[in-house]
Amino acid sequence: MSFFKKLKESIAAKTESVTKQFKEGLEKSRKGFVEKVAELVTRRKKIDEEFFEELEEILIGADVGVNTVLQLIDDLRVEVKKRKIEDAAELQPILSEKIQELLRGDEDNSIRMNPDGITVILFVGVNGVGKTTTIGKLAHHYKQEGKKVLMAAGDTFRAGAIEQLEVWGQRVGVEVIKQQAGSDPAAVMFDAVQAAKQRGADILLCDTAGRLQNKSNLMEELNKIYRVIQREIPDAPHEVLMVLDATTGQNALSQAKLFGEKSGVTGLVLTKLDGTAKGGIVVAIRQELSLPVKLVGLGEKMEDLQKFDSEQFVHGLFAGILKEETDESEVQS
């Protein structure tokens, strides 16, 4: 069975609304990347050196990352030889399959929950990446599942950060534990953990500073937060999620490298995927960091924060080609 046919069958078993969100959220990437590949395949029927060079340019332009692209092109050359492929159109499903393999990874990308007691999820990342919005949307998601959720306003240095989280708290009906602007973030976390225990909360979502006004080191500040939380809940935080803005492309990748190595990050959240034509950055991040992408932001709505799913992602990217293939095979049969 062809890769596209298998993918279509697998997607058919998944929630329709989620499939629609991935499809709509990846529209810009589909136009900026996959449609260029389709156009190349139509224009250059033959697979030769020039074809590979152009494909390489398209992939690099979609922010797939130079190292990953070179590896991908090498793999495609091997497949072309092995399967004796001459028609460029036959390469599209193989490319999609390779991209999905790169995205899948071996590790589990679900959010790790505490089996007995409060689950503490810490959010890190520079200012402006959509950290607070992600926390608000995740609070909504868990509340919909019937969980008791609290949010901690640990970004005490950025002007308006506490208020922004409070606005989300009101929108989703979740209490925000806070102190005055400029207070010690670790003290806020201490209060938040105490409140979570007293109120019998299931989940505590903690915002942290993206940078500090004073000269003290951000990593030291984070370590202090970890120590305070761990004293109260020994195996917490259960997740440390780094939030990255997909529209910043390679810049997001360098941020993740800098931050991720030092701050005990367990997974990534990629926001604003609907706002970029360079969705290939997900592939680059998956390849260059041994960290799972756990959540993706596919739009403005509350429901647009979704668990990352490599099949949904590839289906969303290649939706147009998939439809053509399916239509053609239906005509032939």
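Of note:
- Qualifying residue in the stretch 176-194 (condition: open to solvent by less than 30 Å² (accessible area, probe 1.4 Å) and within 21 Å of the chain's Cα centre (by Cα)): no
- Qualifying residue in the stretch 148-157 (condition: in contact (Cβ under 8 Å) with a residue 60 or more places away in the chain and over 17 Å from Leu295 (Cα atoms)): yes
- Considering the conditions (1) assigned to a helix (DSSP H, G or I); (2) at pLDDT 90 or above; (3) of a type in the set (Val, Ile, Thr), Val129 is excluded by exactly one of them, (1).
- Identity of the residue in the stretch 270-303, of a type in the set (Asp, Glu) and more than 12 Å from the chain's Cα centre (by Cα), that ends up nearest to Gln21 (Cα to Cα): Glu303
- Tabulated pairs, the stretch 95-119, first among the β-branched types (Val, Ile, Thr), second in a helix (DSSP H, G or I) and buried (at least 19 other Cβ atoms within 10 Å of the Cβ), C-beta under 8 angstrom, 6+ apart or interchain: Ile99/Leu72; Ile99/Val283; Ile99/Val314; Ile99/Leu317; Ile118/Val193; Ile118/Ala196
- Top-ranked residue in the stretch 254-282 [being of a type in the set (A, V, I, L, M, F, W, C) and modelled with pLDDT under 85; ranked as most open to solvent (accessible area, probe 1.4 Å)]: Leu258
- Exclusive hit being touching a Gly at 6+ places or on another chain (Cβ under 9 Å), acidic (Asp, Glu) and within 13 Å of His315 (Cα to Cα), set Glu35, Glu27, Glu9, Glu97: Glu27
- Check on Thr247, over 15 Å from the mean Cα position of the chain (by Cα), β-branched (Val, Ile, Thr) and buried (at least 18 other Cβ atoms within 10 Å of the Cβ): no
- Residues of the stretch 213-236 that turn out to be open to solvent by 20 Å² or more (accessible area, probe 1.4 Å) and either farther than 17 Å from Val265 by Cβ or not polar (S, T, N, Q) (or both), as a count: 15
- Of all residues in the stretch 57-80 being of a type in the set (D, E, K, R) and closer than 18 Å to Leu91 by Cα, the one that is least open to solvent (accessible area, probe 1.4 Å): Glu79
- When Val18 is tested against (1) open to solvent by 40 Å² or more (accessible area, probe 1.4 Å); (2) in contact with a strand residue (DSSP E or B) (Cβ under 8 Å, 6 or more places away or on another chain); (3) of a type in the set (Val, Ile, Thr), exactly one condition is not met: (1).
- No other residue among Thr266, Thr276 is of a type in the set (Ser, Thr, Tyr) and under 24 Å from Lys36 (Cα atoms) apart from Thr276.
- In the stretch 231-239 there is no residue that is farther than 30 Å from Val282 by Cβ, of a type outside the set (D, E, K, R) and touching a Phe, Trp or Tyr at 6+ places or on another chain (Cβ under 6 Å).
- Only one entry in Ala196, Ala152 is touching a strand residue (DSSP E or B) at 6+ places or on another chain (Cβ under 6 Å), within 25 Å of Glu300 (Cβ to Cβ), modelled with pLDDT of 95 or more and aliphatic (A, V, I, L, M), namely Ala152.
- All positions within the stretch 1-15 that are open to solvent by 30 Å² or more (accessible area, probe 1.4 Å), closer than 25 Å to Lys301 by Cα and part of a helix (DSSP H, G or I): Ala12
- Remark: pairs (first residue in the stretch 42-65, within 16 Å of Arg77 (Cα to Cα); second residue in a loop (DSSP other than H, G, I, E, B) and open to solvent by 50 Å² or more (accessible area, probe 1.4 Å); Cβ separation under 6 Å; 6+ apart in sequence or on different chains) = Phe51/Arg44.
The values are calculated or read from the model by the stated rules, or taken from the named source; none is laboratory data. In this text, all values refer to a predicted model and were calculated from it rather than measured experimentally. FYI the Cβ positions are ideal-geometry reconstructions off the backbone, even for glycines, and counts take in every protein chain you see. For accessibility, only protein heavy atoms count, side chains too; no ligands or nucleic acids. Shrake-Rupley method; radii C 1.70, N 1.55, O 1.52, S 1.80 Å.
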